[in-house]
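The values are calculated or read from the model by the stated rules, or taken from the named source; none is laboratory data. For clarity, every value in this text was computed on a predicted model and none was experimentally measured. For neighbour counting, all protein chains shown are included, and Cβ atoms are generated from backbone atoms with ideal geometry for every residue, glycine included. To get the accessible areas, we keep the full protein, side chains included, count just its heavy atoms, and leave off ligands, DNA and RNA. Shrake-Rupley method; radii C 1.70, N 1.55, O 1.52, S 1.80 Å.
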Amino acid sequence: EAQVTQNPRYLITVTGKKLTVTCSQNMNHEYMSWYRQDPGLGLRQIYYSMNVEVTDKGDVPEGYKVSRKEKRNFPLILESPSPNQTSLYFCASSLLGEGGYTFGSGTRLTVV
Amino acid sequence: GQNIDQPTEMTATEGAIVQINCTYQTSGFNGLFWYQQHAGEAPTFLSYNVLDGLEEKGRFSSFLSRSKGYSYLLLKELQMKDSASYLCAPNTGGFKTIFGAGTRLFVKA
């Protein structure tokens, strides 16, 4: 089944403790992206990648890192999480030049 | 700057027709997506309009006017399962898509 898999689905952590949210897609998509979703603000892009070793900042990159060492994987790293990073996170992928993202199931992160 | 406007909430009756409007101002524009998102779930792709006009896909249709910066999503024969948020998302070029805050649609019996 074609899908984007994110893990974990839920995570509660403490301020300053490094964490990684994994994202993997099995559709051979070139394009991958991370979004956060907060009430009233919609989905905001954190980082995106157009292919292996090619990443760029989205609209809200501060406090986040990404890497794209393999085409299928695009992990999101929070080196030192803070409470304002409490949010619902989505990974998405698509073929370059084609419309329509496929989204992962989301990761609900709480930083206390 | 970039701006997307869509109503926060709408309520409609099962079996009826509802139109969800979206206006946008973006620095670039390639086309416009509509996504459906049920509470607590991931968004799912509904439509992508590149050219002006109406595109119909089953019970859902989407309209685009590039000159007016305006789109709408039309849902016919509403069902309870259509209760969800609907996200208007212009593609601003360079494979970048920005999302509106979404319209929460409540379908009542």
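When you look at residue A:49, is it in a strand (DSSP E or B), under 16 Å from residue B:42 (Cα atoms) and of a type outside the set (D, E, K, R), yes or no? Spell out how you get there, then give the answer.
On the way: in a strand (DSSP E or B): yes; under 16 Å from residue B:42 (Cα atoms): no; of a type outside the set (D, E, K, R): yes.
Criteria not met by residue A:49.
Do you know which residues across segment A:1-10 are in a strand (DSSP E or B) and either over 14 Å from the mean Cα position of the chain (by Cα) or among the hydroxyl-bearing types (Ser, Thr, Tyr) (or both)?
Keep residues of segment A:1-10 that are in a strand (DSSP E or B), which gives A:4-7, A:10.
Matches in segment A:1-10: A:5, A:10.
Residues checked against (1) open to solvent by 60 Å² or more (accessible area, probe 1.4 Å); (2) farther than 24 Å from residue B:100 by Cα:
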| site | (1), (2) |
| --- | --- |
| A:14 | yes, yes |
| A:25 | no, yes |
| A:28 | yes, yes |
| A:36 | no, no |
| A:42 | no, no |
| A:49 | no, no |
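Okay, residues lined up against (1) of a type outside the set (A, V, I, L, M, F, W, C); (2) under 26 Å from residue B:27 (Cα atoms); (3) open to solvent by 50 Å² or more (accessible area, probe 1.4 Å); (4) at pLDDT 95 or above:
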{"residue": "B:68", "(1), (2), (3), (4)": "yes, yes, yes, yes"}
{"residue": "B:76", "(1), (2), (3), (4)": "yes, no, yes, yes"}
{"residue": "B:80", "(1), (2), (3), (4)": "no, no, yes, yes"}
{"residue": "B:85", "(1), (2), (3), (4)": "yes, yes, no, yes"}
{"residue": "B:88", "(1), (2), (3), (4)": "no, yes, no, yes"}
{"residue": "B:93", "(1), (2), (3), (4)": "yes, yes, no, no"}
{"residue": "B:105", "(1), (2), (3), (4)": "no, no, no, yes"}
{"residue": "B:108", "(1), (2), (3), (4)": "yes, no, yes, yes"}
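Residue by residue through segment A:28-43, note down the ones that are facing another protein chain (nearest Cβ under 8 Å) and at pLDDT below 95.
Within segment A:28-43, A:31, A:40, A:41, A:42, A:43 meet the criteria.
When residues of segment B:5-31 are filtered for being in contact with a Leu (Cβ under 9 Å, 6 or more places away or on another chain), assigned to a strand (DSSP E or B), modelled with pLDDT of 95 or more and within 13 Å of another protein chain (Cβ to nearest Cβ), how many remain? Please lay out each step first, then the result.
The first filter runs over segment B:5-31 and keeps only residues in contact with a Leu (Cβ under 9 Å, 6 or more places away or on another chain), leaving B:6, B:9-22, B:24, B:31.
Subsequent filtering for residues that are assigned to a strand (DSSP E or B) retains B:9-13, B:18-22, B:24, B:31.
Going one step further and asking which of them are modelled with pLDDT of 95 or more, we end up with B:9-13, B:18-22, B:24.
Remaining after also requiring within 13 Å of another protein chain (Cβ to nearest Cβ): B:9, B:22, B:24.
Summing the residues that are in contact with a Leu (Cβ under 9 Å, 6 or more places away or on another chain), assigned to a strand (DSSP E or B), modelled with pLDDT of 95 or more and within 13 Å of another protein chain (Cβ to nearest Cβ) in segment B:5-31 gives 3.
Considering only residues that are free of Cβ contacts under 8 Å to residues at least 12 places away in the same chain and open to solvent by less than 80 Å² (accessible area, probe 1.4 Å), look in segment B:25-57 and name the one that is farthest from residue A:3 (Cα to Cα).
Ranking the qualifying residues of segment B:25-57, first place goes to B:53.
Given the conditions (1) within 14 Å of chain A (Cβ to nearest Cβ); (2) modelled with pLDDT under 95; (3) surrounded by fewer than 20 Cβ atoms within 10 Å (Cβ to Cβ), and given that residue B:98 satisfies all but one, which numbered condition is not satisfied?
Result: residue B:98 passes all but (3).
Taking segment B:34-45, which residues are modelled with pLDDT of 95 or more and under 11 Å from the mean Cα position of the chain (by Cα)?
B:34, B:35, B:36, B:37, listed by residue number.
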